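Note sheet for the following structure.
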Amino acid sequence: MKTHFSRIIFCLLFVGIIGGSRVLMAQESSDSLRISSSFFSEAQYDAWNKLYDVWRMNFFHDCLSQNNLHIDCAHCGGVYMNIVLTINDQGYVANYKIIHESMCGNNFSEKLKICFLTYFLGIDFPKELRNLKFEVHLGSILKC
């Protein structure tokens, strides 16, 4: 009886360690996804990370420039938006809800909101992200 109990404990610890390493790996892959790692598969994380990387490389810095924003520790510690995206079965954003926004500690201007969202509202999301609702973090915050 005691060895049976020990085996159960060992199995639970083993599953916890393996599961914990998967969670850690998923969190390291992107800090832009604000959901439980058990909700998304690795393929879904990869699909989101590809979209986010395109946005970050091609749109984020343009949004900052167009709004005369510069992120630095002295004047502006971050420009970011947390939103919930609902993706339909066709791969388009069916709905979104802004949860939080910060433009150097203030609310976003309408121009900045539009700039942040335009890419995501106009793309065809990959099949891995269809029929899902999830929260994402767009932008950057400095740790000063």
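The values are calculated or read from the model by the stated rules, or taken from the named source; none is laboratory data. This structure is a prediction, so every number in the text was calculated from the model and none was measured. Note: ideal-geometry Cβ built from the backbone for every residue, glycine included; neighbour counts use all protein chains shown.
Checking the condition closer than 22 Å to Gly77 by Cα, out of contact with any helix residue (DSSP H, G or I) (no Cβ under 7 Å at 6 or more places or on another chain) and not aliphatic (A, V, I, L, M), which residue from Cys104, Cys115 passes?
Every option except Cys104 fails the conditions.
When segment 107-144 is filtered for residues that are within 21 Å of Glu42 (Cα to Cα) and assigned to a helix (DSSP H, G or I), the ones remaining, listed by number, are Phe120, Lys127, Glu128, Leu129. Residues to consider are Ser102, Ser36; find the one that is in the same structural domain as Thr118 (by TED's automatic domain parsing) and modelled with pLDDT under 85. From the options Ser102, Ser36, the qualifying one is Ser36. If you go through segment 113-135 and pick out every residue that is among the aliphatic types (A, V, I, L, M), in contact with a strand residue (DSSP E or B) (Cβ under 6 Å, 6 or more places away or on another chain) and surrounded by 15 or more Cβ atoms within 10 Å (Cβ to Cβ), you end up with 2.
Would it be correct to say that Tyr80 is touching a residue at least 60 places away in the same chain (Cβ under 8 Å), in contact with a Phe, Trp or Tyr (Cβ under 7 Å, 6 or more places away or on another chain) and aromatic (Phe, Trp, Tyr)? Outline the logic, then answer.
Working: touching a residue at least 60 places away in the same chain (Cβ under 8 Å): yes; in contact with a Phe, Trp or Tyr (Cβ under 7 Å, 6 or more places away or on another chain): no; aromatic (Phe, Trp, Tyr): yes.
Against the criterion (touching a residue at least 60 places away in the same chain (Cβ under 8 Å), in contact with a Phe, Trp or Tyr (Cβ under 7 Å, 6 or more places away or on another chain) and aromatic (Phe, Trp, Tyr)), Tyr80 does not qualify.
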